[in-house]
1. For helix 27-36, report the angle its Cα long axis makes with the longest principal axis of the Cα atoms of the chain; keep it between 0 and 90° and round to the nearest 10°.
2. Roll a 1.4 angstrom probe over the protein heavy atoms and tell me the percent of accessible area of the chain that is carbon or sulfur.
3. For the pair Ala2/Ala29, report the inter-label distance in nm, with labels modelled 7 Å from Cα in the Cβ direction.
4. Ignoring ligands, DNA and RNA, how do Met9, Met35 rank by accessible area with a 1.4 Å probe, largest first?
5. Which trypsin sites (Lys or Arg not before Pro) from the chain combine a DSSP loop assignment with at most 14 other Cβ atoms within 10 Å?
6. How much accessible area per residue does the chain have, in Å², with a 1.4 Å probe?
7. Which percent of Cα-Cα pairs in the chain sits in each 10 Å bin, short to long?
Amino acid sequence: MATDYTQLMEALRHGERDSFTVTPDEFMAFHDAYMKYEYRKRVIGTADLDGRIVYHFEKEGKTTN
């Protein structure tokens, strides 16, 4: 079953999750959902070990959407 990245980003935005991780193998599927996501400018990724990226939602700050 494919991961629903839009649902994960919505869970970040609503505070239901603090973060989620995307592996290099999953990145293109994530990227497609990310580019269509209305609040993508507030979904921030931080590089982790072995090419994984940990995403969180910026609740306050200069970035708005």
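The values are calculated or read from the model by the stated rules, or taken from the named source; none is laboratory data. Treat the numbers as computed from the prediction; the structure is a model and nothing was measured. Because the Cβ atoms are built from the backbone with ideal geometry, glycine has one as well, and the counts that use them run over all protein chains shown. Areas reflect the complete protein model, heavy atoms only, side chains present, ligands, DNA and RNA absent. Shrake-Rupley method; radii C 1.70, N 1.55, O 1.52, S 1.80 Å.
1. Taking the Cα atoms of the chain, the angle to 27-36 is about 30 degrees.
2. Values: 2290 of 4720 Å².
After summing per-atom areas, the C and S share lands at 49 percent.
3. 0.8
4. On the way: Met9 0, Met35 95 Å².
Result, largest first: Met35, Met9.
5. Working: sites: Arg13, Arg17, Lys36, Arg40, Lys41, Arg42, Arg52, Lys59, Lys62; in loops: Arg17, Arg52, Lys59, Lys62.
Those satisfying the criteria are Lys59, Lys62.
6. 73
7. 22, 57, 20, 1
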